[in-house]
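Below is one structure, written out as structure tokens; comments come after it.
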Amino acid sequence: MGWGQKVSRAGYYALLGLPDALAPTGVRARVTRRVFRSRFELREPGAGRAAAHSTLAAAVGLIAWFAVFLAASAAVRGVLYPVVAAHEYQSSWGGPTLAGAWAVHAVLGVGLLPLWWFLVAGLGVLQLRLTQRLLGRTGPWWPIPLAVLLFLGSIAVFIAWLHQI
């Protein structure tokens with residue numbers, strides 16, 4: 001499997017994290033095996049581990065969906081800049097002309113999409129490590145505090161984003 005396919009599977013797994021967090025643990029294990037096409041053994045996680053996985057997987061999945069929303073809105077705003085900007089391009093990137101501002105916003109909005117997808121794929125790897133640690137009882141301990149810190153940081157980013165729109 002090439003690196004592009006691995007990145008695609010990890011991104012797909014990140015987006016499945018939110019709905020998958022509500023499923024029974026057997027379904028979560030099956031989804032992990034099918035997405036990555038590798039062995040994953042569910043090891044009697046218990047109610048506490050299953051609840052912790054549900055909470056953290058839903059949080060990381062929500063972050064992944066928010067990242068996809070931000071990427072899509074940046075791409076659409078970049079391509080449709082003349083419609084969205086409403087003559088505020090004099091002091092914007094690429095200004096003072098409309099053509100320059102439009103070009104810069106379109107290139108950035110569309111050109112940064114692969115980087116957004118790498119971010120989502122990284123969240124998918126975090127999802128996988130959470131699943132391995134909490135449901136499979138293997139793997140490192142670091143995904144648990146990292147998921148909590150990422151979620152708290154994402155709340156701060158979301159609040160800041162709300163204030164700027």
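The values are calculated or read from the model by the stated rules, or taken from the named source; none is laboratory data. Fair warning: this is a prediction, and the values are worked out from it, not measured in the lab. Neighbour counts are summed over all protein chains in view; Cβ atoms, including those assigned to glycine, are modelled from backbone coordinates with ideal geometry. Remember, those area values only see protein heavy atoms, side chains included, never the ligands or the DNA or RNA. Shrake-Rupley method; radii C 1.70, N 1.55, O 1.52, S 1.80 Å.
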Using +1 at the C-beta of Lys and Arg and -1 at the C-beta of Asp and Glu, which of I159, Y81, S38 has the Cα lying farthest in the positive direction of the dipole of the chain?
S38
Among all helices in the chain defined by DSSP H, which have a length of 15 Å or more along the axis from Cα atoms plus a Kyte-Doolittle mean of at least 1.0?
46-79, 98-111, 113-134, 143-164
Relative contact order as a percentage, the chain, C-alpha pairs under 8 Å and 6+ apart, gives 32 percent
Would you check the accessible area of F40, probe 1.4 Å, heavy atoms only, in square angstrom rounded to 10?
20 Å²
May I ask you to give the solvent-accessible area per residue for the chain, in square angstrom, as obtained with a 1.4 angstrom probe?
58 Å²
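Calculate what fraction, in whole %, of the accessible area of the stretch 33-165 sits on carbon and sulfur atoms when a 1.4 Å probe is rolled over the protein chains. Mind showing how you got there, number by number?
Numbers: 5700 of 7990 Å².
With neighbouring chains kept in place, the figure for the stretch 33-165 is 71 percent.
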Hey, what number do you get for the chain at 222 nm if only DSSP H runs of n ≥ 4 count, each worth -39500 (n - 2.57), divided across all residues, to the nearest 500?
-26000 deg cm²/dmol
One finds, for A50 and L113 with R0 = 22 angstrom and r their Cβ-Cβ distance, a FRET efficiency to the nearest 0.05 of 0.05
